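Peer 1: Structure incoming, see below.
The values are calculated or read from the model by the stated rules, or taken from the named source; none is laboratory data. The structure presented is a predicted model; accordingly, all values stated were derived computationally and were not measured. Note that each Cβ is placed from the backbone with ideal geometry, even for glycine, and that neighbours are counted across all protein chains shown. Accessible surface areas use protein heavy atoms only, side chains included; no ligands, DNA or RNA. Shrake-Rupley method; radii C 1.70, N 1.55, O 1.52, S 1.80 Å.
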Amino acid sequence: MIHIPWAIKYRPNQVENYIFQDPDHQQLFNKWKKDGIIPHLLLKGHRGTGKTTLAMVIKHEFDVDDTDFLFINASKENSVDTIRNKVSSFISIHAYSKFKIVFMDEADWLTPNAQGVLRSMLEDENLIQNARFIFTCNKPHKIINEIKSRCQEIE
């Protein structure tokens, strides 16, 4: 029998059940929901503060199909090849949902070269017109400024 940790098993997947640490963030989320689109996001903070949970809430609340959601654990897959092969091919295919989400958990583990390739992708509007990136990190100083400047940062 597989035992799922309690925190994951009962992780909220709706905004009503998510506890925002800052009421302004909840207002921001409500605005995005009303507009039907999110910006690229950099969710930063200590372990256990709800970064990954918020990314999953966003996936659910914006009705992003599983085929339009790419999860990458950047502490394990952090090379330039991952970005070039997995991410590039994923975002180049048309979305079934309104947009695709590339969720890079623990993005502070990405190599400098991988971050450089991501920066190039984020600058190419034609490439990312139907995709949104969500990065989570514990150490935001390890994320290059060119990526930070293209994301809405939430702590």
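Peer 1: Applying the selection to segment 115-155, what residues are open to solvent by less than 30 Å² (accessible area, probe 1.4 Å), closer than 22 Å to VAL64 by Cα and assigned to a helix (DSSP H, G or I)?
Peer 2: LEU118, MET121, LEU122, ILE128
Peer 1: Still on this structure, I have one more. Could you tell me whether GLN21 is open to solvent by 80 Å² or more (accessible area, probe 1.4 Å), at negative phi and either in contact with a Phe, Trp or Tyr (Cβ under 8 Å, 6 or more places away or on another chain) or not acidic (Asp, Glu) (or both)?
Peer 2: For GLN21, the condition - open to solvent by 80 Å² or more (accessible area, probe 1.4 Å), at negative phi and either in contact with a Phe, Trp or Tyr (Cβ under 8 Å, 6 or more places away or on another chain) or not acidic (Asp, Glu) (or both) - is met.
Peer 1: Let me ask something else about it. Which residues, counting only those in segment 1-39, are over 23 Å from PHE99 (Cα atoms), of a type in the set (A, V, I, L, M, F, W, C) and outside any helix (DSSP H, G or I)?
Peer 2: Answer for segment 1-39, where residues must be over 23 Å from PHE99 (Cα atoms), of a type in the set (A, V, I, L, M, F, W, C) and outside any helix (DSSP H, G or I): MET1, ILE2, ILE4, ILE19, PHE20.
Peer 1: Based on this model, can you work out whether PHE71 counts as at pLDDT 95 or above, open to solvent by 40 Å² or more (accessible area, probe 1.4 Å) and under 14 Å from ARG132 (Cα atoms)? Show your work before the answer.
Peer 2: On the way: at pLDDT 95 or above: yes; open to solvent by 40 Å² or more (accessible area, probe 1.4 Å): yes; under 14 Å from ARG132 (Cα atoms): yes.
Spelling it out, PHE71 is indeed at pLDDT 95 or above, open to solvent by 40 Å² or more (accessible area, probe 1.4 Å) and under 14 Å from ARG132 (Cα atoms).
Let's see how each residue does on (1) among the hydroxyl-bearing types (Ser, Thr, Tyr); (2) modelled with pLDDT under 95:
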site	(1), (2)
SER89	yes, yes
ALA114	no, no
GLU125	no, yes
THR136	yes, no
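Peer 1: On to the next question. If the requirement is being open to solvent by less than 70 Å² (accessible area, probe 1.4 Å) and either more than 27 Å from ASP124 (Cβ to Cβ) or within 16 Å of the chain's Cα centre (by Cα) (or both), which of these qualifies: ILE8, ILE2, ILE91?
Peer 2: Going through ILE8, ILE2, ILE91 in turn, the sole match is ILE91.
Peer 1: Now a separate question. If I filter segment 100-114 down to residues being closer than 14 Å to CYS137 by Cβ and assigned to a strand (DSSP E or B), which single residue comes out as most open to solvent (accessible area, probe 1.4 Å)?
Peer 2: It comes out as ASP105.
Peer 1: Just checking, how many residues over segment 40-63 are open to solvent by less than 10 Å² (accessible area, probe 1.4 Å) and in a strand (DSSP E or B)?
Peer 2: 3
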